[in-house]
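Worksheet: one structure, shown below.
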Amino acid sequence: MISLNELTKTYGRGADSVTVLDRLNFEVGAGEIFAVTGPSGAGKSTLAQCINLLERPTSGSVVVNGEDLSSLPEKRLRAARRRIGTVFQSASLLSRRTASENIALPLEYLGVTPGEIRARVGELIDRVGLGPKAHSYPFQLSGGQAQRVGIARALALRPAILLADEATSGLDPDTTSSVVELLKQLRTDLDLTVVFITHEMDTVRQIADSVARLERGRIVETGALVDLLTDHGSPLGRALQPRLRFAAADDDAATWYVTYDSADVPGDWIQRVSVDLAVPVHLLGASVETVHGINTGSATLGIAAASDDAVRAVLAKYGLSGTPDASRETGVGGAPVSPVRSGAVPALEGAA
Ligand SMILES: Nc1ncnc2c1ncn2[C@@H]1O[C@H](COP(=O)(O)OP(=O)(O)OP(=O)(O)O)[C@@H](O)[C@H]1O
Ligand SMILES: [Mg+2]
């Protein structure tokens with residue numbers, strides 16, 4: 001369990017001071033994965049450093065399992081830091097040490113006996129699925145394998161909290177998914193509290209229970225992932241939707257951008273909407289996936305119906321929200337912009 005109370009970090013003094021984190025409050029329970037997203041420079045890494053206490057907060061507190069780490073004297077702080085394992089974008093392995101020897105490092109620093117180290121490292125190597133690579137050197141490992149070594153090393157001292165700062169950001173999508181699956185398994189097996197920092201929304205959808213968006217040092221929005229994904233009015237929810245590519249609607253049809261707003265959208269909703277409106281509904285693009293057991297996503301439709309209100313009402317009946325004329329949509333995230341109507345390329349990127 002981790003709880004931030006009015007956490008503030010200011011660098012410098014007087015007129016030159018900059019407040020990088022401004023009174024942050026949130027709580028992450030044991031076994032929960034909390035994702036923090038936000039643009040470059042928002043303060044995400046500074047937040048990570050304040051949580052693992054490599055940086056002292058200027059004010060406010062970081063409480064881990066009931067203990068306020070921010071007020072501990074230096075000596076006890078060192079012990080407290082062991083309860084927090086950190087994984088960075090680059091695994092930063094020592095090149096002259098094998099995977100096993102890298103994982104052993106924190107145990108060696110702590111003076112654990114060689115026999116105990118061997119047993120613990122063997123267990124960790126298996127946990128991260130790297131048995132066959134135990135004696136490989138970093139240059140013989142792929143990026144995903146190196147990251148697994150980094151995760152095993154972060155877990156060596158049995159932390160209660162795992163902090164990941166862009167831990168999957170340098171990896172390809174398949175490797176990212178496998179590292180995400182590993183982290184989810186570890187949080188279940190070890191009841192870890194995970195703070196997962198990333199700018200990749202696809203990864204957030206795969207891994208998070210809850211999400212916060214950090215902008216200029218402030219949390220501008222936070223909530224459970226499923227709630228955000230099904231809240232049409234939420235900018236973070238929209239940013240979390242996958243970027244849609246979509247085809248052009250027929251000339252006599254309007255383009256509608258539709259999002260799942262409820263956990264109970266029927267599977268045959270497109271057909272039902274078409275029957276209710278008594279007009280054809282063309283599917284121009286869609287991305288639907290199951291997140292925490294419910295279907296979420298969005299679709300772009302071509303609908304030749306008379307009134308926008310009628311379309312909205314029918315969509316609402318099935319737990320959907322619609323925005324007409326997506327071509328003029330310039331909203332955050334997944335909302336598509338300016339469809340191309342001509343030429344051989346029927347699809348285009350969503351909003352940047
Ligand atoms: N030691 C420092 N002294 C002064 N300013 C700092 C210091 N460390 C970070 N900052 C500033 O704090 C702000 C947030 O930086 P931070 O690295 O936390 O951002 P970030 O969200 O992790 O960005 P990115 O996505 O690029 O990794 C930046 O404006 C940065 O210049
Ligand atoms: Mg960063």
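Key figures
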item	result
Unmet requirement for D126, which otherwise passes all of (1) surrounded by 16 or more Cβ atoms within 10 Å (Cβ to Cβ); (2) among the charged types (D, E, K, R); (3) closer than 18 Å to G85 by Cβ	(1)
Residue match in the range 189-199 (condition: away from ligand 2 (no atom under 16 Å from the Cβ) and on the phi > 0 side of the Ramachandran plot)	yes
First in the range 31-43 and near ligand 1 (Cβ under 6 Å from one of its atoms), second anywhere and polar (S, T, N, Q), Cβ under 6 Å, 6 or more apart	none
Answer residue from the range 51-68, given it is crowded, with 19+ Cβ neighbours inside 10 Å and more than 14 Å from ligand 2 (Cβ to nearest atom) and is farthest from L192 (Cα to Cα) among those	P57
Counted residues, the range 76-122 - those being more than 29 Å from G170 (Cα to Cα) and not in a helix (DSSP H, G or I)	4
Criterion violated by A249 - all others in (1) in a loop (DSSP other than H, G, I, E, B); (2) under 24 Å from T37 (Cβ atoms); (3) not assigned by TED's automatic domain parsing to the domain that holds T10 satisfied	(2)
Criterion: in contact with a strand residue (DSSP E or B) (Cβ under 8 Å, 6 or more places away or on another chain), surrounded by 21 or more Cβ atoms within 10 Å (Cβ to Cβ) and part of a loop (DSSP other than H, G, I, E, B) - qualifying residue of A48, A42, A35	A42
Residue satisfying all of: in the range 157-179; part of a loop (DSSP other than H, G, I, E, B) and either buried (at least 24 other Cβ atoms within 10 Å of the Cβ) or under 16 Å from the mean Cα position of the chain (by Cα) (or both); nearest to ligand 1 (Cβ to nearest atom) among these	E166
Restricting the range 180-218 to residues that are among the hydroxyl-bearing types (S, T, Y) and not in a helix (DSSP H, G or I), the residue that is farthest from A30 (Cα to Cα)	T198
Hits in the range 5-20 - residues which are in contact (Cβ under 8 Å) with a residue 24 or more places away in the chain and either out of contact with any helix residue (DSSP H, G or I) (no Cβ under 8 Å at 6 or more places or on another chain) or outside the structural domain of G41 (by TED's automatic domain parsing) (or both)	N5, E6, T8, T10, T19
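The values are calculated or read from the model by the stated rules, or taken from the named source; none is laboratory data. What you are looking at is a predicted structure, and each value in this text was computed from that prediction instead of being measured. Cβ sites come from the backbone with ideal geometry, for glycine too, and all protein chains shown count toward neighbours.
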